[in-house]
Each structure stands twice: as structure tokens, then as C-alpha cells.
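The values are calculated or read from the model by the stated rules, or taken from the named source; none is laboratory data. Since the model is a prediction, treat every value here as computed from it, not as a measurement. So basically every Cβ, Gly included, is an ideal-geometry build from the backbone, and we count neighbours across all protein chains shown. Note: accessible area is taken over every heavy atom of the protein model, side chains too, but ligands, DNA and RNA are not part of it. Shrake-Rupley method; radii C 1.70, N 1.55, O 1.52, S 1.80 Å.
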Amino acid sequence: MSSSTLPNLLTALAIPQEFSRFDKLTDEQILAQLIRWKNGVSTSLTSLRNLLATRHGIQSLPVDEQADIAASVAVFDGPDEWIADDASSLALSILGPLTEPDIPPLVLTRILTHHIKPAFAANPHPRLNLQTGRKLPRPADTQDAYEGQVWKTRIGTGNVLGWCLRNIEASTYESVWHLILPPVMTYLDDFEATLQTAGSAARIRLAFSRSSRASQAMRSIILFLAVAGTFNHLRDPFTPDLIRAAVPTTLHLIDLTSPPSLAPLPPTSGFPSKSRTIVKSGTSPANPATRYEHLSTLLGSCLIGTVFLYAYADPEAILAATDMLPLVLTHIGIGAARWLKALIPQLTHALLPPAVPSLTRPLDVDLKLKVSSLRALCTCIETCAPRMYLWKCNIIDATGRAWASAMDIENTQLADETGASSLELEYKALLQMTCIKLAQACPSIIQEEYQQLITFDSALFDGLVGSSSSPTSDK
């Protein structure tokens, strides 16, 4: 395709540099120009699709032109400021023939070599051996990785990289290892979490984790960069979204690198039983100790030791981390018992009415945090049931106080003839469910602590603990 039509169309698809600071723009004229360009992208993509149809499809073109088209169109594969509503579907219709079933190795290599690599060559990652594509034992003595950062000016590069990772051929990974790792590690380990960078990193992480074709060594590298990088940004407005995107992806990476085993977790003494059997995944044995170490890093170091400890003034970040707790607790199981000294106070404290009402904290966020805390608390009770007898008084005290406060609010609503919201109804139901699950874990509380509550004020607390089913065994 030697005519000038194709170069002109690809030039029209080049993203204006101003989109890199779109959220900070105040110039109405520049904003209007960007909106006009954005609205015109669909026309350019449609023209490109029609042109390719007259040339018997993209696969009939030379490799270099296939790569140029793919790199220009894949930037619209994702939810970003420069992507119109129909642009993403148009882009995928153009790229579709290249991904049936996978990107041809020659096209992929050319995209990575000529479109991705130049953007990152000026800023080599300090922990990466550029010759072998493997992780260095210690960071290189350089500051160049964070100076200039040319790759941040190449808007949409993250989308192209994510598209490549989602559609790479299984046998191609080893040959392009050295081309994949540098940009991936740079995105995930960047010091500055802008909307563009954070969004691209989350999508790259997700694309990589969903591919079962990556080697285990590569997954391990991405895993720890994903964990470390995501939780370094606690002062950004999109931190909650980043936490919600990172935790499920990291859990999926943990499942890939160290699949769950039917065997119990190794004892804390570090001397596992000789009779322990390990379920294997493929040809590599699953190591329960490695899996537990990874999950402990996510729960203990990242959620508890970072978000809960340092983002306490950001209710949205705390809410996001609390929302993710049930997923992590379900993965780690009884192993979460070592973190109960941090988890139970964190979750029960959120239920207590503040001594001094906050003037800056929205009421809906406060109620959402209470609901989220109760969901996490129910999961915690289930997964760590053998240790709940040590925490039953803390939980009963918090749920009792929260129930009394909720009933006061309900009485006020009845007096004002205003109904309770669906979230408030869910909150009360979760308080009751928490008491039911606690009774299942510690049956003795039905005849002891719960009876004391009912004796104290049956009209108030019968609705909280009166429906708790009687387990068949006592603690």
C-alpha cells in the first residue's frame, strides 16, 4: 500500500500531546480542539477499516505496515480521555483479524521493537538487565530511570502494550522476553501515579495476569512489582480505584505463581510434616509456604501496614481496602489469624459512632464503610472461627453499640416519617448476620453474652441476637 492515504490516516490517529495533561487543562480553546479531534477519530477509524477492506484485509499487507496500523489503532483499546464511545469497538474490528488466534510473531516483534522499545530506551529500569531481560539482584547505580521519562509523552503506549500481552502467542513469550519486561516493569514501578500511568499499569497487570501463557518466573517479577507499586500512591484522588483494581489482579497472580494446595499451611516453626502432600499444577509443585508468604505480604504489608496505617485520613481509600478484605481473607483462610490483632479493632472501630461528628466526612461514605466492615467481619469470623473466642467480647460490644445507634436513627426516621434507605436496611441485616456467624463460631455466647444483652434490654437487643440459631456444640 504505497499511496499516501494510509500515512495520512495514521497521522490523523496520532493522539495530541495535550491529552497527557487533560485533567489539568483550563484553556477553553485547547479543550475545544481536543474534543473536536476526539469526535473525529471515529471517522478516521471507519475510513481506515474501509480502506483495508479494499486491500483484502490487514493481513495481506507487509509486516511493517501491519505493525504500524496495529500500533496506531491499539491506542484506542481502553477507557481513556481520548477515546470516544464507539472508537474502541471500531479499533477492535480493525485489529480482530490480527488476533485470530494470536498476533503473528513477526508483527508482534516489530511492534515491540519499533513502537514500544524506543519510548523506554532512554529510561532503563534500574532493576533490569537490558541484555537478558532478567531482574538484577540489586538496583543499578543510576538516576536516569526517573529523569525525562520520554515514555510518558507517548500517549496510548500502555494500551498498545496491554493489547500485545492479551493476544501474544504462547510460543512467542521466550523470544520477546527482553522486549516485554522493560516497559511492563517501568509502568508498574513508576514513582508518579498519574491517571494515565496508573490506568495503564492496572490494565497491563490485568492483561498479563489473565494470560496463562506467561512463564512462572516472569509472573513472579510482575507480582511483586504490582504489590509494591500500587500501594505507594495513597495521596491521589484515584487511589481507591487503583486499590480495587490491584487487589483482585494480585490475587490472580498469586494463584498463577503458587496455586492453592489441598494440604494445610506449613506450621510456623518452618518444619513441615513429611507426610504432607502437595497438589501439583502442570510440572511445577505448588508451595504452600510461598503462597502464604505472598498472601501475607498483600494482607499484612499492603492493606494493613500501608493503607489502614497511613491512609487513615482518606475514608475512600479505607473503604476501598475494606471492600477488598473478604477476597483476601477467603484466599488466605485460617492463616489470617495472625492478623486478627489488627483486623478486629480496625473493623469494629468503624462500627462505633464517632465521639465528635466529622464535618468533612460524607454520611454516605461513613455508612458504606460500616457495611463494608461488617461484610469483612463476617468473612473474618468464618475463616478464623477457631480463634473467635478470643475476640467475641470485642465484636459483641461493637455490634451492640452499633445496633443501639441504628435503632435510635430508625426511631428518628419514624418520628419524621422518613423511610430507611436500602443501605441502612442492609447495615442492620449485616449486624444480625454478624451475631449469627459469631454464635456459630462460639456457641457458648448464646446462653451467656447474648442472654445478658436480652436481660439488659430485651426490646432493644432481641432483634439483634434473638434470631441466632442454636449450634449443636458448645465451645
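Listing for the model above:
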| quantity | calculated |
| --- | --- |
| Segment 52-64: number of residues that are open to solvent by 30 Å² or more (accessible area, probe 1.4 Å) and assigned to a helix (DSSP H, G or I) | 6 |
| Residue within segment 20-28 that is modelled with pLDDT of 90 or more and not in a loop (DSSP other than H, G, I, E, B) present | no |
| Residue satisfying all of: in segment 453-470; closer than 14 Å to I396 by Cα and outside any helix (DSSP H, G or I); modelled with the lowest pLDDT among these | S468 |
| Positions within segment 8-50 being of a type in the set (A, V, I, L, M) and closer than 15 Å to S72 by Cα, in sequence order | L9, L10, A12, L13, A14, I15, V41, L45, L48 |
| Residue in segment 267-279 that is among the aliphatic types (A, V, I, L, M), at pLDDT 80 or above and out of contact with any Lys or Arg (no Cβ under 8 Å at 6 or more places or on another chain) present | no |
| Residue match in segment 408-418 (condition: modelled with pLDDT under 90, among the hydroxyl-bearing types (S, T, Y), open to solvent by 60 Å² or more (accessible area, probe 1.4 Å) and under 21 Å from P326 (Cβ atoms)) | no |
| Residues that are open to solvent by 10 Å² or more (accessible area, probe 1.4 Å) and either acidic (D, E) or without any contact (Cβ under 8 Å) to a residue 60 or more places away in the chain (or both), drawn from segment 150-165 | V150, R154 |
